[in-house]
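The values are calculated or read from the model by the stated rules, or taken from the named source; none is laboratory data. Keep in mind it's a predicted model, so treat the numbers as computed, not measured. Using ideal geometry, Cβ is built from the backbone for each residue, glycine included, and neighbour counts are taken over all protein chains shown.
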Amino acid sequence: MGGFFGVASKNDCLSDVFFGTDYHSHLGTRSGGVAAYDGEIGLQREIHNISNSPFRTKFEKIFTDMNGTSAIGCISDTDPQPLLIRSNLGNYAICIVGVINNKEELIDRFLSFSGGHFNAMTSSNINCTELVAALINQKSDFTEGLRFAQKSIVGTASILVLKDNGNIIAARDLYGRLPVIIGKREDGYAVTFESFACQKLGYEYERELGPGEIVEISPESVVQLSPPGKKKRICAFLWSYYGYPTSTYEGVNVEIMRNRNGAIMARADKDLECTKEIDYVGGVPDSGTAHAIGYSNSAHIPFARAFIKYTPTWARSFTPTVQSERNKIAKMKQVPVLDLIKDKNLLFVDDSIVRGTQLKETVEFLYGNGAKSVHMRSACPPIMFGCKYLNFSRSTSDMELIARRVIVELEGEEGLKYIDEYSDGSTERGKALRETICKKFNFSSLEFQTLEGIIEAIGIDECELCTYCWNGKE
């Protein structure tokens, strides 16, 4: 994943872009970058690896190294960016958020007719941001170039372009799977992924771009270059998992949705015998906590934090790409509150159950500290399909997903014909899925939020939501 933040202002905006970009650090831990435009200096850029230290520590010197009344910043979990491009359209800086699934096809197509080249990285990989720039540059102006890029990309790409006149062009991905939000202040405009980043810096909410919409932002105005499309598929997982609690997308706040989602799960559990013995409800921190509060309030079962994440040295939710390192760090983060665990019946709500590896270690940790029983709830339906639009789950194969693996264990490949039944906890297949996962992870009980429940919690029409990872529908 990743996120971006940009400002076009009448005044120096480096401070705003520094803090605005830093507010996207929960979306990636690989690299960060800032590009700025100054009337005398022109375009400037800095990129740093942020794998081992936060964005802010790597960019503290930006105020002495760069100047600009316009700037864009990016947190990336993929390729280093923004890039500076010199092309037939002029000089510009560019950053993207998303994933390009047909990258190799687009590269081969470009090289076959252009006679050009790309700067190759390790293993001959190509920076996707450079590829998007190459697509844009095939047309005679930015509007046509961005439209061409949007239509050529299989996957998702929201794009910021900082022109060499200081204006910023913002393009939301073709089907609006990710948010792009405009904020206004008396001295200019900001564009952001996370709405709260604008608000904290004094920009009032102006509007969200529609799917595929393209605008050009100057300190004085926001001019539409291309209207939005009619088809929207914003990622429903934004609210369940990776969106920040203080952000609002399409008019729906993340924290409020999660509270409502937990309450809906509690309503579904109200007649279950096992919930009558629960001493405390808790969240698998951090993104499961708000769901758990909603569950607790609705079920009238006390909320408690039976373990706390130690965050001074492991502050960010995204952790290393190597699974063994992620497991080790997850284990070291968890510090128990023994009085809330020993001899207690506990129910935890997690934002999702993807592979289940870390969750298994969490349950073992709880039993190791004296828990009497551990019940688990997932704040979203079973994940049956690896995301091909945003790549948030890091899955390289659908068989990494615990729900899929269990289906194949129970019925072989034939079982994948009945994914809808396995997702539904009221069917025999659905019950078998839950019972098998319980045995694997030593849960006392397990249930998933239903697709209908999470759509109700979001409060947006299902036809405008991307639910591909749960039901495979595009």
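All of 111, 106 fail the test of being surrounded by fewer than 18 Cβ atoms within 10 Å (Cβ to Cβ), under 15 Å from residue 130 (Cα atoms) and not polar (S, T, N, Q), apart from 111. Checking every residue in the range 370-393 against the condition of being touching a residue at least 60 places away in the same chain (Cβ under 8 Å), farther than 22 Å from residue 271 by Cα, in contact with a strand residue (DSSP E or B) (Cβ under 7 Å, 6 or more places away or on another chain) and of a type in the set (Val, Ile, Thr) gives zero matches.
Matching residues to (1) at pLDDT 95 or above; (2) assigned to a helix (DSSP H, G or I); (3) farther than 30 Å from residue 253 by Cα:
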{"position": "388", "(1), (2), (3)": "no, no, no"}
{"position": "394", "(1), (2), (3)": "no, no, no"}
{"position": "406", "(1), (2), (3)": "yes, yes, yes"}
{"position": "421", "(1), (2), (3)": "yes, yes, yes"}
{"position": "434", "(1), (2), (3)": "yes, yes, yes"}
{"position": "438", "(1), (2), (3)": "yes, yes, yes"}
{"position": "447", "(1), (2), (3)": "yes, no, no"}
{"position": "453", "(1), (2), (3)": "yes, yes, no"}
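Taking every residue in the range 226-254 that is assigned to a loop (DSSP other than H, G, I, E, B) and pairing it with any residue that is basic (Lys, Arg), at least 6 positions away or on another chain, the pairs with Cβ-Cβ distances below 8 Å are 228/172; 233/177; 245/258. Screening residue 274 against (1) in a helix (DSSP H, G or I); (2) surrounded by 20 or more Cβ atoms within 10 Å (Cβ to Cβ); (3) touching a residue at least 60 places away in the same chain (Cβ under 8 Å) leaves a single unmet condition, (2). Of the residues 412, 368, the single one that is surrounded by fewer than 16 Cβ atoms within 10 Å (Cβ to Cβ) and either polar (S, T, N, Q) or under 24 Å from residue 309 (Cβ atoms) (or both) is 368.
Put simply, of 317, 298 the only residue that is surrounded by fewer than 21 Cβ atoms within 10 Å (Cβ to Cβ), modelled with pLDDT under 85 and of a type in the set (Gly, Ala, Ser) is 317.
Scanning the range 95-146 for residues that are acidic (Asp, Glu) and closer than 30 Å to residue 242 by Cβ yields 104, 105, 130. Of the residues making up the range 80-101, just one is under 22 Å from residue 397 (Cβ atoms) and either touching a helix residue (DSSP H, G or I) at 6+ places or on another chain (Cβ under 7 Å) or at pLDDT 95 or above (or both), namely 100. With the structure loaded, tell me whether residue 11 is among the polar types (S, T, N, Q) and at pLDDT 95 or above or whether it fails that test. Judged against the criteria, residue 11 is a match. Within this structure, residue 472 fails the test of being in contact with a Pro (Cβ under 9 Å, 6 or more places away or on another chain) and of a type outside the set (Asp, Glu). Restricting the search to strands (runs of 3 or more DSSP E) fully inside the range 1-94 and requiring at least 2 residues that are surrounded by fewer than 19 Cβ atoms within 10 Å (Cβ to Cβ) and not assigned by TED's automatic domain parsing to the domain that holds residue 192 gives an empty result. A search for C-beta distances below 6 Å between a residue of the range 12-24 that is farther than 10 Å from residue 34 by Cβ and any residue that is at pLDDT below 95 and surrounded by fewer than 24 Cβ atoms within 10 Å (Cβ to Cβ), counting only pairs 6+ apart in sequence or on different chains, returns 22/56.
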